Every structure is written in structure tokens, then in C-alpha cells.
Amino acid sequence: MNSNHISGAEIVIRCLHEEKVKFVFGYPGGAVLNIYDAVFQQNKFKHVLVRHEQAAVHAADAYSRSTGKVGVALVTSGPGATNAVTGIATAYMDSIPMVIISGQVPTYAIGQDAFQECDTVGITRPCVKHNFLVKDVKDIASTIKKAFYVASSGRPGPVLVDIPKDITAEKYEFNYPKSVHLRSYNPIIKGHSGQIKKALSLLLNAKKPMIYSGGGVVLGDASSQLTKFVRAIGAPITSTLMGLGGFPASDKQFLGMLGMHGTYEANMAMQECDVLLAVGARFDDRVIGNPEHFLSKPRTIIHIDIDPSSISKRVKIDIPIVGHVISVLTDLNDLLSKEKIKQNISLKHWFKEIDQWRSTNCLSFKNDKKLIKPQFVVQTLHQVTKGDAFITSDVGQHQMWAAQYYPFDKPRRWINSGGLGTMGVGLPYAMGTQLAHPDAMVACVTGEASIQMCIQELSTCKQFHLPIKIVNLNNRYMGMVRQWQEFFYGNRYAESYMEALPDFVKLAEAYGHVGMKIEKPSDVEPALKEAFSNKLKERLVFMDFITDQKENVFPMIPNGKGLSEMITAEDL
Amino acid sequence: MRHIISLLMENESGALSRVSGLFSARGYNIESLTVAPTEDASLSRMTIVTSGSDEIIEQIIKQLNKLIDVVKVLDLNDGKFIERELMIVKVKANAQYRDEMKRMCDIFRGRIIDVSDSSFTIEITGSSSKLDAYIESIDKAAILETVRTGASGIGRGDRILKV
């Protein structure tokens, strides 16, 4: 054996060093013991020990969402891998670049129903961008290189590398490839110039142009190019749940979020526009509702997306532009400045129409003297943090309220599970975000149902001194389930009421954190101010806000209905 | 409409299940699927017979192209092509059927490749619809067993699918 040969486990670690990985989120177990032994003997990245593998993947996912870098998780075989699946599927649905390394039983035991064996590549195949089973120590470095490349290029996504235990013990020389080429994988970066020209001319000649921006703008780090372009053409803009922060919410051109719980003005403008530019968005069911209803109004649709399969999937596109959003938007901006195309048509009339929709003030709500309104809590959170916090959320009513009442002016500040809608992500998302931004304010807006799905991570937060502020909107219901049961199931609240809730203050304290219970509207602001005060700067604070049980999220487009068929609070 | 899609993919374990998994996960039809290595051992060629509206076929092609292991995809129906399928069929060849089975085999330009006292084993190639026609034409009671490869296809003339 050559003297410069190192173990497969050490090769794994060296690859992660080459990729300049700062954090690995994981949980040890039999099949990854060799790798963990190598983790122990290095100090270039920090290993974050979670309390459940699902949280490892979520935390790595949030690290990526909040930084743009590839998130890395390390789990063992069998249950370690199956526990990771929810996290992987969550990242896949939102196109988050991640590399998940899973241990596998030794190659000679594969297929023997060995202890902690499962077909990890088989189980994860439908929810990864790609996955690999490494069968030879010689292939570890090139496979991990490919994994990082595939995860972070094109339309990003999670990539899993499954490594049998014996492979991590065998020795080989370490040689990390400088570059990687896959003949079967060549993402298109540059948009078609003819299509881009056509798109610009359509937009400039539109009477009612509209921009619809999605998660692709955030993931593609294209928000400054988008902002420049939208301001230059003066058109109104809306954003999907995943795209929030891609364009500053405080700008007067911004109409708020669209979709099932979008604003009245955003949904109406989307329906009534004559030229629509979709940027890094995918016309999904929660955004446009019923596609037939959407298409009942004639309009020309331009769609910029890096993934050709996103184009004309649910809605037929007139001008498809396949390319990286930043590249296409840069071309649009260049074209706009070079050709000195003047805006011919005034958008005054269009904005007049929009202002009428705006005047419905669809997000207004009545504060109460006795009951805490959840919207008020989020508004106050925005005010106390001066809009400068990273906000993670779980899934449900609180998620929608956070999206509606915490306007984001910057990208990568709003961390939530939009596609898969995974309850339980909020706390691990806050962990990954806080580790990536140790000096930033990180708040997890959650509910008493969601938070309990990964509550064990309070222990991880203690170990790593993460001063997360948990804003628990506690209405003693699975709020969104209850809302649907109220609207569509005759108030039959089947299994949506949470009996036997824990005392969250004591629970937080048991984990070594600070707990607060807030029951009066007048205590909301003082509690939030205290939580974000210097005194508690180093501490995790669990704020249990006892909120109005019957509050609903408005506006709402009922399932299967169209954009202009919203129910507002006043309709009921 | 019925479409025949040809694709070249990396000859790696799991590649087949990525394709079949895509079809089941997205609810696309598969009428038949055949796969075998090509003259370049690093590549497999797969032929999938599917059906769907133009929009669905467009999505199928895009989704197939998105799979990392898939190198090239061609919808044969976009141009002229030749389609062939092999069927091996075992039929009764006792006194009652022997002459008729020989005749039908000749009419469909099949070949008898195995003979026993009571049966013929016949190979027939052609388009899938020709093989269907053969099955329709003979007495159902005479069929003992059939096995079909699923369609393979190739473009006519200069239409070439190669890396």
C-alpha cells in the first residue's frame, strides 16, 4: 500500500474540506462510525449533532436557504436514512442544493437484510435530484464532486451519496477532481436572445403588464437584477410564498403575495393583466388555483425558468425563456439600457385599477382588547425586529400570517417549506439559519401543533447556544385544518383540537431555555421587546402566545377555484 | 396518441428504475419498455411506448431529459421511423390445429422454431399492431403461451440517435 493512501472515511472528510463546507448536520450510527471517527480528527468544519435525523436535513436545508451555499447532512444507514427522507423531500420540492451522505451496510452484506439495512438509493430516488451508491473506494472523491456539482447547478436540488461501511475503511489516495463534466447533464444558462427581445417588447407595449416572481429569483440570487428591471419598466409585481424578499416588499410597485392566501390586489392583477412575466415560478395549484379559470382571461405569458419542464406544465406559455434567471434578467436590463427603449404606454390607468383593488385593504383585521390576534403578534414582531430578522416558519395558519404580515425587503430572509408543506421544519430551520448567521436575529414563527413535530431540537439549541426566538401562535388547534373544517366540513373539527398540550414555559425551561406565556394583547410588545433585548441576547426564548382560537387566514381562494374567486374576511 | 420514445442513458445500475419510477410517479402510461446495452458498453438504449396528449408527451420528454442519467431523448413520432417487436408464441399443434397453425404462421411471415407432437413454437416480428393482428386471427383456444419483447424503434434514413 502506498504511504499517501488514506481511508475512505478520511477521503469523505477531505472532499468536504475541498468544498469548503463549514457545517455538517448529522447523527452517528453503526454504518457511519468510520466517517465519524474521521470527523472527530478534523476541525475545518463543525459537526452539529441534532436529536433526530429529520432535523439534520432540515437544518442543513435552512443553512442553504439562508446562505445560498450547499447544505450538508450526514446520517447512518437504515432508520438514519429513512428519518432523513422527509427532510430530503422537503428540500427537493423547494429546489434546495444539498448533499446528504448516508452510511450503508458493508457491500458484502447488501441485500442480506442486514441490521439497519435499507435500500436508501431506492427509497430516496423519487425525492432527490440525483443519488449515488458508491461501491469502490476509488470512486468516493469523484462521486462527492459530482454530488456537489449536480446539487448546486441548473435547477438546484438535494443529492444523496450512499457509502457502504467497508468502503469507508478501505484505503486509497486522495485526489479531488478540479472540475466535473457529465455528458448527460448540461443545464442551460443563457436565455435565447430572440425570445428575450420579444419578451421585452411585449412588456413595454403592454397596457396591463404584470410581473410574477418566484423562489427561483431567491435561489438564483437574482433579486437585485429583478428589482432593477421591475423598477425600470414600472410594472406591478407580485411574489409567490417562496419568492418573498426577491423584490422589496416596501416598494410601492409590490402588490404583496399572490395565491391561495395572497392579497386581493395581487390576485386580481394576475388575473386581469394583458402581459405576464413569470420569473422562476411554476404556476402551481396554490398560486393560480384552477388553471382553466386562470386561462379564461386572454393574456400573453412570458416564462423565465432554468428548468424546461417547469414551462408549459400547468399553463401554456407563449414566450418560454429557458435560462438562469440572473443571466436572462441581466440580458433584459442590458437590452433596456442599450436600446434606450422608451416606455410608450402609460401605466397610469392600470395602477388606478390596482389602487381600487388595494383600497379593499384585504389584510386588515380587528384587534381585540382581550384576545391576542395572531396577525398582531406578527406585525409587532416586524416592528420590534425593524423588519431585519430571519424568519422561519412551520406550516399552517401561522405560516401564512408570517408571510402576509412580515414584509421582507431582502432575499433569503424568509425560510419555510412551501412545496412539501412540512410541519416541524420551523425549529430546525431556525437552527441552520442561526448557525449561518450567528449575529442575526432569527425568529421561528410557529404553532403549538407544528412545533411539537421537532420539539426535541430544543436540546440541540442548548448544546450549540442558539439564541433563537420562538414565536408560538398557540390557538389550541391545528389552525389551518380547523379553518378548512369550518369552511368546507360543516364545523366538524375532526381531530384538529390539541388536547393535553404541554406547558411550553416549563418545557422550554426543562431544556435550559427561557419560557414566556403571553395571554393579553397588551403584553405582546413588551414580551417581544424583552425576548430581543440585550439581556436575553444569548438565550433561546420560547414565547407562547395564547391567541384567538377562531381566527382565520384571509383572503382565501377555496381549493379548485380561480384567482378572482377569493373569500375575504368581510364575505363571512 | 401513441408515441415511441427512444433514449440513450448511462449504463448504470438504477438507471432503469429512474425512468420507470418517473412514469409511475407522474402517472404517465407505459405500454411497453425495452432496454439493452448498445455497441458502446457505457450506454443503454431504451424504447418506451407511451400514449398521451401533446402536452403530456412534451412533459414526458422534458422530464426524461431532466434525469441525470439520460443522455439523449428522441420522440420517434416526430419523424419517419421503423418499429419492430418480436413475439414468441406457443400454439396447439395437434391434429385439429396443425395445418391451420402452419398456414397462419406463413401468412404472418413467422417461423416455427420448435416443434413437438402437440405444439409449435413460432417467432413473429413486426410492428406491435401486426403482432396484435396475428393474435386476433388465430383461434384463442389454440394459444398456449405468448411472450413479447415490446417495441423497438429506429428513425428512417439519416435520422440517427447517437451521442
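The values are calculated or read from the model by the stated rules, or taken from the named source; none is laboratory data. The shown structure was predicted, so the numbers you read here are calculated from the model rather than taken from an experiment. A quick note on method: Cβ atoms are made from the backbone with ideal geometry, for glycine too, and the neighbour counts reach across all protein chains shown. Heads up: the accessible areas ignore ligands, DNA and RNA and are worked out on the full protein's heavy atoms, side chains in. Shrake-Rupley method; radii C 1.70, N 1.55, O 1.52, S 1.80 Å.
Just so you know, the Cα atoms of the stretch A:114-205 work out to an Rg and Dmax of 19.3, 66 Å. Considering only protein heavy atoms and a 1.4 Å probe, what is the carbon-and-sulfur percentage of the accessible area of the protein assembly as shown? In the protein assembly as shown, the share of accessible area belonging to carbon and sulfur is 51 percent. Summing Cβ point charges (Lys, Arg +1; Asp, Glu -1) relative to the Cα centre of the stretch B:25-163 gives a dipole of roughly 180 debye. Spin-label model, A:LYS348 to A:ASN2: label points 7 Å out along the Cα-to-beta-carbon direction sit 7.6 nm apart.
Summed over both chains, the area buried between A and B is near 1500 Å², taken from the accessible surface of protein heavy atoms with a 1.4 Å probe.
The mean number of partner chain beta-carbon atoms within 10 angstrom of a residue's beta-carbon across peptide B:69-75 is 2.
Calculated on the alpha-carbon coordinates, the convex hull of the stretch A:417-572 measures out at 141 cubic angstrom per residue. Note that chain B presents 52 Å² accessible area per residue, ligands and nucleic acids not counted, probe 1.4 Å. When the inverse distances between all different Cα atoms of the stretch A:96-147 are averaged and flipped, the Kirkwood radius reads 12.2 angstrom. Scaled against the 2.2 N^0.38 Å expected of a compact globular protein of N residues, the Cα radius of gyration of the protein assembly as shown reads 1.08. Summary of packing: across the peptides A:66-79, A:33-46, the per-residue average of other C-beta atoms within 10 Å ranks them, highest first, as A:66-79, A:33-46.
Taking the convex hull of the alpha carbon positions in the stretch A:312-434 and averaging its projected area over all directions gives 12.4 nm².
The alpha-carbon positions of the stretch A:192-291 define a convex hull whose volume is 100 Å³ per residue. Each 5 Å bin from zero up to the one holding the largest Cα-Cα distance in the stretch B:70-123 carries the following percent of pairs: 5, 16, 22, 15, 8, 8, 8, 9, 7, 3, 0. Using a probe of 1.4 Å on the protein chains alone, the accessible area found for B:ARG26 is around 100 Å².
Within the assembled protein chains, the solvent-accessible surface assigned to A:ILE189 is about 80 Å², based on a 1.4 Å probe. Across the options A:LEU182, A:SER95, A:PRO209, the greatest Cα extent toward the positive end of the charge dipole of the stretch A:76-232 (unit charges at beta carbon of Lys, Arg, Asp, Glu) belongs to A:PRO209.
Dipole magnitude for the protein assembly as shown: about 1920 debye, using +1 per Lys or Arg Cβ and -1 per Asp or Glu Cβ, origin at the Cα centre.
Between B:GLY157, B:THR146, B:PHE108, the Cα set farthest toward the positive side of the dipole of the stretch B:19-163 (charges on each charged residue's Cβ, about the Cα centre) is that of B:GLY157. Compactness of the stretch A:189-231 was expressed as the Cα radius of gyration divided by 2.2 N^0.38 Å, which yields 1.26. With viscosity 1.002 mPa s and temperature 20 °C, the Kirkwood radius over alpha carbon pairs of the stretch A:17-175 converts through Stokes-Einstein to a diffusion coefficient of 141 µm²/s. On the principal axes of its alpha carbon atoms, the stretch B:59-163 extends 55, 27, 21 Å, with the longest extent given first.
Rg and Dmax of the stretch A:215-368, both derived from C-alpha coordinates alone, stand at 15.4, 55 Å. Computed from the Cα positions only, the extents of the stretch A:453-497 along the three principal axes stand at 46, 16, 13 Å, in decreasing order.
Sorting the segments A:240-252, B:106-118 by their residues' average number of neighbouring beta-carbon atoms within 10 angstrom, most packed first, yields A:240-252, B:106-118. Summarised in one figure, the compactness ratio Rg/Rh of the stretch B:1-141, Cα atoms and Kirkwood Rh, is 1.09. Packing-based ranking of A:3-12, A:480-489, A:414-423 yields A:414-423, A:3-12, A:480-489, ordered from highest to lowest mean Cβ neighbour count within 10 Å. Considering only A:PRO308, A:HIS324, A:LEU347, the residue lying farthest towards the positive end of the dipole of the stretch A:276-360 is A:LEU347, judged by Cα position with unit charges set on Cβ. Restricted to Cα atoms, the stretch B:1-55 shows a radius of gyration and a Dmax of 11.8, 34 angstrom.
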